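J.: I'd like to ask some things about the structure below.
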Amino acid sequence: MASSTPWFRFSLGRLLILVAVAAVVLGLLAFPLGLVAINWLYQVLIRGGIPTLAAIGAVFGKGELRAFSIGAAVANIPLLVGPSGTIYGLGGLLIGCLVPLVNCAICGGIAVACRRGLVRRDMANDL
């Protein structure tokens, strides 16, 4: 009898998404909605999500993705070691989320630009 392909294949990406969704759902069930939930979402999304994605991209990425991830990870160092402030309201949550995201995008873009410049300079020196 010929073996068929299994109906379920292990995928680390799917497992990561499943664990993240389960953590969010369990967290929302454990805390009452309001200021605690807003601060919790900020802590999970910004102080946990961005550094995790940056670390995964820095380890497994290649080329410009790796450079961008390293730049974004460097931009997150103050977020990880600094004090965690209290976010008041949804407006504070939006500002508290957008500022680190913009900071990561700028630092990642600078890292990619530096990498392109270094690659171009190496190619010019080889000619």
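J.: Kindly indicate whether residue 25 is surrounded by 10 or more Cβ atoms within 10 Å (Cβ to Cβ) and modelled with pLDDT of 70 or more. Step through it out loud before you land on a result.
T.: On the way: surrounded by 10 or more Cβ atoms within 10 Å (Cβ to Cβ): yes; modelled with pLDDT of 70 or more: no.
No.
J.: I would also like to ask the following. For a quick check of your reading of the model, give me the residue pairs whose first member lies in the range 55-73 and is within 21 Å of residue 100 (Cβ to Cβ) and touching a residue at least 24 places away in the same chain (Cβ under 8 Å), whose second is part of a helix (DSSP H, G or I) and among the basic types (Lys, Arg), with beta-carbon atoms closer than 6 Å and at least 6 apart or on different chains.
T.: 67/115
J.: What are the residues in the range 44-57 that are over 13 Å from residue 75 (Cα atoms) and among the small types (Gly, Ala, Ser), if any?
T.: Those that are over 13 Å from residue 75 (Cα atoms) and among the small types (Gly, Ala, Ser): 48, 49, 57.
J.: With the requirement that a residue be modelled with pLDDT of 75 or more, loosely packed, with under 10 Cβ neighbours inside 10 Å and of a type outside the set (D, E, K, R), what does the range 73-124 give you?
T.: 81
The values are calculated or read from the model by the stated rules, or taken from the named source; none is laboratory data. Nothing here was measured: the structure is a model prediction, and the numbers come from that model. Positions of Cβ are generated from backbone atoms using ideal geometry, with glycine treated the same way; all protein chains shown enter the neighbour counts.
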